[in-house]
Each structure stands twice: as structure tokens, then as C-alpha cells.
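Asks: The structure that follows is given in the form of C-alpha cells.
The values are calculated or read from the model by the stated rules, or taken from the named source; none is laboratory data. Worth saying up front: this structure is predicted, and the values here are computed from it rather than measured. FYI the Cβ positions are ideal-geometry reconstructions off the backbone, even for glycines, and counts take in every protein chain you see. For the accessible areas, the whole protein counts, side chains as well, though only heavy atoms, and no ligand, DNA or RNA atoms are used. Shrake-Rupley method; radii C 1.70, N 1.55, O 1.52, S 1.80 Å.
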Amino acid sequence: MSLQHIAFIMDGNGRWARKRNKPRVYGHLKGAYKIEEVVRWCALRGIRYTTFYAFSTENWKRPRTEVNFILGLLENKISEFYERMKKEKVRLIFSGRIKEIGDKIFNICKEYEEKTKNNDRIIVNMALNYGGRAEIIDAVRKIIKGKLENIDEENFKDFLYAPDIPDPDLIIRTSGEKRLSNFLLWQSAYSELYFTDVYWPDFSEEELDKAIEDYKKRKRRFGGIQ
Ligand code: FPP
């Protein structure tokens, strides 16, 4: 069964840190490094697309220091990540209301999208200031602004943040929570869901393989009967 896109809800960073008597942000730091490992593991398995839920439109409700830390991670670590991943031919895409975060982050996102735009071996989609409902609303706004008619399920997709990325085959959420939390609402219509109790910083290659094994056993019928 084909598996070309895995999307990750990286949950449990705070609890992981607390369990170790560390500040919550330490969990986010570990979590950020985990993204790089997961990208490599997916690439080795021939999975071309990965999406990571890095910051949601609801995450602004967190204490300012934590918000600044998470956004700061992007700012401070992206060049490191880029240097290490260069030879892997990673293309970076950012999805979400990026402009609303501020000029600095917006410019960084655009800079790395531009720098990596010709890479096509692995596509990493970072959901940042992302909300599934916001994405649908933003698409509707574009359609209204363009006075477009004849919208159907196929072409509606063209107005979403990353129209060229296929829908996720598999969505993995860590830390035991079993919900989508406003992630990829349009794109997840037929995604298989996998939940694991491990916290995101503890997510391992073995865990990834377990999720993939489980996925392969599922029968995706997309509403049909075969
Ligand atoms: C959920 O854990 C995690 C987040 C809200 C943030 C995820 C961010 C990273 C992994 C850092 C990478 C960031 C960028 C911008 C590249 P939680 O804090 O909800 O954990 P908890 O449920 O245990 O409190």
C-alpha cells in the first residue's frame, strides 16, 4: 500500500520535560531536534512528504515566554538544520498564517522556501501558526476575492496553503491524546490515524516502524468496498 505522506502531531514535549524536572521549553528544544531525525528516517523509507504541526493558531494562548521560545527555535535552529540537511535535498515549505507571526519569522520562512525550492527528494511541510479551520477560511477568502465560480472538491485544494502536497496517508499523534486538534481538516478526510503513548521527544525509529506496519495492515477503501 502506498505511503507517500506522513503528518505528525508532535505532542507531549511539556510532559516529557516535567517528568525530568526540566522546564517545558526544554521539551520543545528536544522536540525540535527530533524533527530532523524523523525527516531522515522517513527519507530512508522512501516517504517523500512529511508535515509537522509546529505551532497552531491556538498556541498563542500559551505563556508569552513559551510562545517566544518555540518561535525562537525556528529562528535560531533553521540555519543549522538547513546546513545539515542540504545534501539530503530537503525542500522546506511553511503552511499557516505566517505573515501574522511578524516580519522577522515571515522573512525567514520565505528565505528558506526560496533556498530549497529546487530540492525535491524530501518535502518537509512545517505547519506554523496553522489551523485547519483558518486554512479553509483563507481558501474561501481567496475564492471570493477572485470572484471564482465552479469550485469543486478537486480545485478547492488549489486554494489551500500547500496545494502540491498530496493528502496525508497517515497522521501520527504522540503522547496518548486522540484527537486532530484542528490539524489538516480538509486533507485528513481519508487519512489513517495512529496514536502512540510516547512523548514526542521520545519518538523513535522503532515507533515509526510500528506506525508504518500498522498502516500497512489497514484496508483503505476511500468509501468504496474493495
Ligand atoms: C506539543 O507539546 C508541542 C508543541 C505545541 C510545539 C511543537 C514544537 C516543536 C517540537 C518545536 C519545533 C518548532 C519549530 C517552530 C520548528 P506540548 O507542549 O503540548 O506538550 P504537553 O501536552 O505535554 O504540554
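Asks: Loop-only trypsin sites (Lys or Arg not before Pro) in region 156-226, please: DSSP not H, G, I, E or B, and at most 10 other Cβ atoms within 10 Å. Before the final figure, lay out the partial values.
Replies: Working: sites: K157, R173, K178, R179, K210, K216, K217, R218, K219, R220, R221; in loops: K178, R179, R218, K219, R220, R221.
Sites meeting the loop and neighbour criteria: K178, K219, R221.
Asks: Suppose we keep just the alpha-carbon trace of region 58-149; what are its Rg and Dmax in angstrom?
Replies: 15.1, 45
Asks: Please report, in Å, the Rg and the Dmax of region 1-115, where both are computed over Cα atoms only.
Replies: In Å, with Rg to one decimal and Dmax whole: 14.7, 44.
Asks: I need to check one value: relative contact order of region 156-226, counting alpha carbon pairs closer than 8 Å and at least 6 residues apart, in percent.
Replies: 31
Asks: Say the dipole of region 72-226 comes from +1 at the beta carbon of Lys and Arg and -1 at that of Asp and Glu; which of V198, Y82, N119 then lies farthest toward its positive end?
Replies: Working it through, the farthest residue towards the positive pole turns out to be N119.
Asks: So between E205 and K178, what do we pick up on full extension, going 0.36 nm a residue minus the alpha carbon distance?
Replies: Between E205 and K178, full extension yields 7.6 nm more.
Asks: For all pairs of alpha-carbon atoms in region 1-64, what percent lies in each bin of width 5 Å, listed from the first bin to the last filled one?
Replies: It works out to 4, 16, 22, 21, 16, 12, 7, 3, 0, in whole percents.
Asks: Beyond a 22 Å Cα-Cα separation, which of these cross-linked pairs lie in this structure: K77/K117; K61/K99; K61/K115; K99/K142?
Replies: K61/K115
Asks: Let me ask something else about it. Using only alpha carbons, build the gyration tensor for region 161-200 and give me the equivalent ellipsoid semi-axes, biggest first, whole Å.
Replies: The answer is 21, 10, 9 Å, longest axis first.
Asks: Not counting the cut sites, what is the longest span of the chain without GluC sites (Glu not before Pro) that DSSP labels loop and that have at most 14 other Cβ atoms within 10 Å?
Replies: Result for the longest clean stretch: 59-148.
Asks: Can I ask one more? Using just the Cα positions, wrap region 113-226 in a convex hull and report its mean projected area in square nanometres, one decimal place.
Replies: 9.8
Asks: With a 10 Å cut-off between alpha carbons and a GNM built on the chain, which of P201, P168, P63 moves the most?
Replies: P63
Asks: Next question, about the same structure. From zero outward in steps of 10 Å, how is the percent of C-alpha pairs of the chain spread across the bins?
Replies: Bin by bin from 0 Å, the calculated values are 7, 32, 38, 18, 4, 0.
Asks: How large is the charge dipole for region 9-72, taken about the Cα centre, if only the Cβ atoms of Lys, Arg (+1) and Asp, Glu (-1) carry charge, to the nearest 20 debye?
Replies: Working: 14 positive and 5 negative charges, 60 e Å.
Dipole about the Cα centre, nearest 20: 280 debye.
Asks: Once you charge only the Cβ atoms, +1 for Lys and Arg and -1 for Asp and Glu, what is the size of the charge dipole of region 136-226 about its Cα centre, to the nearest 20 debye?
Replies: Dipole magnitude for region 136-226 comes out near 460 debye.
Asks: First measure r as the distance between the Cβ atoms of K216 and Y33, then evaluate 1/(1 + (r/R0)^6) with R0 = 30 Å and state the FRET efficiency to the nearest 0.05. List each step's numbers first, then the result.
Replies: Values: r = 28 Å, r/R0 = 0.93.
Efficiency, rounded to the nearest 0.05: 0.60.
Asks: With an 8 Å Cα cut-off and a minimum separation of 6 or more residues, compute the relative contact order for region 108-226 in percent.
Replies: Once divided by the residue count of region 108-226, the mean separation gives 22 percent.
Asks: To the nearest 20 debye, what charge dipole does region 1-144 have about its Cα centre, counting +1 at the Cβ of each Lys and Arg and -1 at the Cβ of each Asp and Glu?
Replies: Result for region 1-144 is approximately 440 debye, rounded to the nearest 20.
Asks: Find which of F159, Y130, G12 sits farthest along the positive direction of the dipole of the chain, computed with +1 on the beta-carbon of Lys and Arg, -1 on that of Asp and Glu, about the Cα centre.
Replies: Going by the charge dipole, the pick is G12.
Asks: In a shell of Cβ-Cβ distance under 13 Å around F106, excluding F106 itself, what net charge do Lys and Arg (+1) and Asp and Glu (-1) give?
Replies: Neighbourhood net charge equals -2.
Asks: Using a 1.4 angstrom probe on heavy atoms only, work out the carbon and sulfur share of the accessible area of the chain in %.
Replies: Accessible surface attributable to carbon and sulfur in the chain totals 49 percent.
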